[in-house]
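Colleague: Supplied in structure tokens, the structure appears directly below.
Every read-out reported here was derived from the displayed coordinates using simple, explicitly stated rules and does not represent laboratory data. Note that the structure is predicted; figures quoted are calculated from it, not measured. Methodologically, a virtual Cβ is constructed for each residue, glycine included, from the backbone with ideal geometry; neighbour enumeration extends over all protein chains shown.
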Amino acid sequence: MTHDHAGHGMQAPEERSQDKEVQAAVRRLQELRAQQTLLEHTGEQVMAEQRAHDAHAQRLMETDPRGHIEMMRPMQEAMARVRDLPEQLLAQEAALFRDIAARDADRQIEPLRVPLMTDMVLMEKWAHIAAGLLGAWLAASPSALAYPSRELAISDMISGALIMVLSALTYLGRPWAPWANATVGLWVMFAPLVFWAPDVAAYANDTLVGLMVVSFAVIIPMRLPMPGPEVPPGWSYNPSTWGQRAPIILLGVVSYFIARYMSAFQLGHIGHAWDPFFGDGTVRVLTSDVSQMFPISDAGLGAYVYLIEILSTVMGDSRRWRTMPWMVAMFGVAVIPLGITSVVLIILQPLAVGAWCTLCLISALFMLLMVALSLDEVIAMIEYLVIARRAGRSTWRMFWNGGTLPEQIRDLGLARRGESPWRAMWAGLIVPPTLMISALVGMWLMAAPDIFNSVGGAADSDHLLGALVVVVAVLAMAEVTRALRFLNILLALTIIVAPWVLGGAPLAAGINDVVAGTLIIVLSIPRGAIRNRYGAWNPLIV
């Protein structure tokens, strides 16, 4: 016992020294934030002075060019300082955040002490009563709506009974019951595809009931805000805010209705699938051998995936990057790998089917944007788990329970200029002109075989590589994955060589590929502007 007390006494001066170093770093951080605020005011004053001198400067430029240059030089120098200093201040702030986290995290990062998710889910009694009522409706639906499918009718009656029982168990405080109920809800949404529901009402009923059961079982009860900081350490914004998630939700909803329309054709609910540009292209794609390979409607499967993405996007509060890492991981799996897989399947249409589908292309574009918009939150979650692991905490426990941040750096997010809500929604996604032009060149390559009458391997190469260039360019628009643009250099080299090796390309098509490939290489070298900071991820943004 004496030895232990002696050990603590010997460690106390080191701890006090470490506390002083952390406090000094925090004070320096606050000074930098004050400088940032002052700099913003200075920038506003410089802009006001420039506007006031515009008329006089115009007259001087016409009558006395030398005097105009002398008058504008101090103003231009001031504008340069206002433009460059915020970037330098943000860099210093990011370095301080890393230093504070390194000194203090090992002592103050802790898993959340109680299973907050379970407590939240069980507290919302009314939501589970509503879920039970939905189960009763689902069990009665086959007779009320006269289901023509016997298999789907049996599935809905059994599922409805399970939902009622699980809702009652949740009401009684069984912690596993709401998650089981949500699983049944997911099955209800999926069942019409498994049984090829021939009835529009049955499909719509199962989709709505399943969606609401999942929402009442776990989504709505977990909407309560958690304590602690919102902005990840070293970041200049919070990637988990509702503003950040709103574009993903909107794109997901629109994509769902597009996929739902195409699934209605595959299930026989409508007689024709409309295509505004490619004639019967949508019909040919939806009835192709590739689509027939799936045991269920592939468009319906896409609609189901979009619903999963929407549900995972709306789940949790604005701190879920650290309070619900498992949810962010599930969201990332639902959006990123599944999204990229669906995009790849769509871009293979001209190769495997020989036709384009306008609605499919729109869905692919929206999916790419959803992937690009979701990457930053996944990176923030991974960074937090790495910080916790380095502090000696259990990654497994932190992943499932979430955790806290050191008290010293709570709510000290990086200072930045105020932005409109619209611009804040797209904080992690910026569109450099170089990447936009690269995407347009990729689209041109996708259309080039029809313009230059290429055939065989050369045509397939342009279709495939052009689409991949678009995919890489859009994903690289996310600041956290800007380095992906270098993949386009490899694709461009292949584009340059392919028409001369594969054959089937007229001379004009070969020259077009050389010019397009060279242009993509040139456009892939500049990094483009980076407006934000991402903690330990910053060195990887090259």
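Colleague: Would you give the gap between the C-alpha center of segment 285-341 and the C-alpha center of segment 501-542, rounded to a whole Å?
Modeller: Measuring centre to centre over Cα atoms gives 29 Å.
Colleague: Same structure again: Could you work out the local net charge near ALA352, counting Lys and Arg as +1, Asp and Glu as -1, over the other residues with Cβ closer than 15 Å to its Cβ?
Modeller: Residues near ALA352 contribute -2 overall.
Colleague: Also, quick follow-up: Would you compute the Debye intensity of segment 135-260 from its alpha-carbon atoms alone, equal scatterers and no solvent, and pass along log10 I(q)/I(0) at q = 0.11, 0.18, 0.20 Å⁻¹ to two decimals?
Modeller: With no solvent term, the Cα-only Debye profile gives -0.50, -0.98, -1.09.
Colleague: For segment 233-346, restrict the atom set to alpha-carbon positions and state the Rg and Dmax in Å.
Modeller: My reading of the Cα-based Rg and Dmax gives 17.0, 55 Å.
Colleague: What does the charge count near ILE525 come to, summing +1 for each Lys or Arg and -1 for each Asp or Glu among other residues with Cβ under 13 Å from its Cβ?
Modeller: My count for the surroundings of ILE525 gives +3.
Colleague: Simple spin-label model, 7 Å along Cα-to-Cβ: TRP396 to LEU208 in nm?
Modeller: According to this spin-label approximation, the distance is 4.4 nm.
Colleague: Sticking with this one: Starting from the Cα of ILE430, step 7 Å along the direction of its Cβ; do the same at LEU351; then give the gap between the two resulting points in nm.
Modeller: Between ILE430 and LEU351, the label points sit 3.4 nm apart.
Colleague: Cβ neighbours within 10 Å, averaged per peptide: list 519-528, 462-471, 144-153 in order, most packed at the top.
Modeller: Working: 519-528: 17.9, 462-471: 24.6, 144-153: 15.7.
Packing order, densest peptide first, comes out as 462-471, 519-528, 144-153.
Colleague: For segment 251-381, with only Lys/Arg (+1) and Asp/Glu (-1) charged at the beta-carbon, what is the dipole magnitude about the Cα centre, in debye rounded to 20?
Modeller: My answer is approximately 240 debye.
Colleague: Give me the net charge for the shell around PRO225: Cβ to Cβ below 11 angstrom, other residues only, Lys and Arg +1, Asp and Glu -1.
Modeller: Numbers: positive: ARG223, ARG319, ARG320; negative: GLU230, ASP317.
Surrounding charge for PRO225 is +1.
Colleague: So between ALA161 and THR518, what do we pick up on full extension, going 0.36 nm a residue minus the alpha carbon distance?
Modeller: Going from the current span to full extension adds 122.2 nm.
Colleague: With each pseudo-label sitting 7 Å past Cα toward Cβ, what's the ILE270-LEU493 distance in nm, one decimal?
Modeller: 4.6 nm
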